[in-house]
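Trainee: Before we start, here is the structure in question, set down as structure tokens.
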Amino acid sequence: MSNDQRLLWLIPIVGLSSIFDGFSSSTIHTLQRRIDLGKLIRFDLLIQVLTLSTLILWSWWRPSIWTLAFGVVAGAVYRMVGTHWLIPGYSNRFAWDRDAVKEILFFGRWMFLATAVTFLNEQADRLILGKLLSFKVLGVYTVAFTLASIPREIVKQLSHRVIFPAIASLVDQSRSTLRAKILRQRRLILMGFAMLFAVLVTVGDQIIAVLYDQRYAEATWMMPILCCGFWFSVLFHTTNPALLAIGKPLYTAQSNLAGFVVMGLGIPLAFSAFGTLGAIILIALSDMPLYIVSLYGLWREKLSLIVQDIQSTAFFIGVLALFLIIRHSLGFGLPIQAIL
């Protein structure tokens with residue numbers, strides 16, 4: 001596939017979607033700041049329905065790989081046009097504001113760095129494993145990772161759309177008051193995700209066994225391991241918005257840089273020493289460096305949440321242990337039975 005000449009055209013065509021996204025209205029960000037989730041969700045659903053309908057019709061008319069590429073571009077066009085009609089009477093125009101430019105250059109440089117390093121960190125596993133594993137094992141890993149990442153992706157969206165704007169609206173308050181409100185609002189989120197992760201770890205292998213055939217048997221032990229490690233994602237993504245809200249994106253860049261370095265150096269070493277199992281465990285713990293750097297930043301900014309993190313982690317371990325005992329008593333063994 002790496003020598004397929006179609007990539008020379010597919011990549012630029014799909015890349016057009018980024019250009020159209022750049023001309024989208026700022027109404028999306030305005031609604032996120034207002035935490036108007038109802039309108040945002042309805043808009044996203046409408047764009048997804050339009051994009052999927054276009055993709056289905058185009059595939060029926062002329063089925064080919066180009067249909068997928070043009071479908072992505074069509075979705076970006078729908079989104080771009082729709083954003084300009086999202087808030088009645090709200091419009092964007094080109095303008096030059098010297099003070100705004102200075103603020104964007106000062107704050108935006110760290111955001112740009114944080115975004116770039118975040119991308120590298122989140123794609124490092126597939127970039128490295130693509131070199132270490134066969135296509136068959138890589139496909140199995142992708143299935144396990146995708147299912148294990150469902151709660152992780154949910155908390156990332158929650159962090160971006162709810163937690164960050166909610167904290168940003170409170171940044172004028174004292175750090176002690178802000179910290180108290182974060183603790184109160186975060187408690188239920190952590191408890192909910194602890195339950196969700198515990199359920200996925202307990203029954204994840206059974207879900208894969210039902211959905212996929214014997215070729216994906218290895219995914220049954222990969223998914224529980226990944227789910228356990230991704231708990232650090234919840235801790236990170238429910239605290240990092242506080243650092244962004246108070247104007248400290250440097251910590252985000254440092255967090256993701258630490259994660260990228262650990263992944264880049266750790267995966268080959270873990271694979272060399274312990275094979276696929278070692279690489280999977282390292283990837284499962286890939287968000288731990290991000291969380292540790294974030295902890296340091298929160299401590300520096302007098303927003304430390306370490307006590308709540310310890311309590312919620314203990315709750316997660318307790319619930320998971322209870323579910324595993326029940327599962328074992330019912331005769332299903334352990335989720336990682338295949339490697340024991």
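Trainee: Kindly indicate which of Leu322, Leu265, Leu257 is part of a helix (DSSP H, G or I), buried (at least 16 other Cβ atoms within 10 Å of the Cβ) and either at pLDDT below 95 or aliphatic (A, V, I, L, M) (or both).
Mentor: Sole residue among the options that is part of a helix (DSSP H, G or I), buried (at least 16 other Cβ atoms within 10 Å of the Cβ) and either at pLDDT below 95 or aliphatic (A, V, I, L, M) (or both): Leu257.
Trainee: Let me ask something additional. Does Ile207 satisfy the criteria of being surrounded by fewer than 16 Cβ atoms within 10 Å (Cβ to Cβ) and under 23 Å from Gly192 (Cα atoms)?
Mentor: yes
Trainee: I'd like the full set of residues that are within 21 Å of Met191 (Cα to Cα) and in contact (Cβ under 8 Å) with a residue 40 or more places away in the chain, limited to the stretch 299-318.
Mentor: Residues satisfying the conditions are Leu303, Ser304, Leu305, Gln308, Asp309, Ser312, Thr313, Phe315, Phe316.
Trainee: Determine, yes or no, whether Gly71 is within 21 Å of Trp9 (Cα to Cα), assigned by TED's automatic domain parsing to the domain that holds Leu16 and surrounded by 14 or more Cβ atoms within 10 Å (Cβ to Cβ).
Mentor: Yes: the conditions hold for Gly71.
Trainee: So Ala144 clears everything in (1) modelled with pLDDT under 85; (2) among the small types (Gly, Ala, Ser); (3) outside any loop (DSSP other than H, G, I, E, B) except one condition, right? Which one?
Mentor: (1)
The values are calculated or read from the model by the stated rules, or taken from the named source; none is laboratory data. These numbers come from a predicted model, not from an experiment. Glycine also receives a Cβ, built like all others from the backbone with ideal geometry; neighbour counts cover every protein chain displayed.
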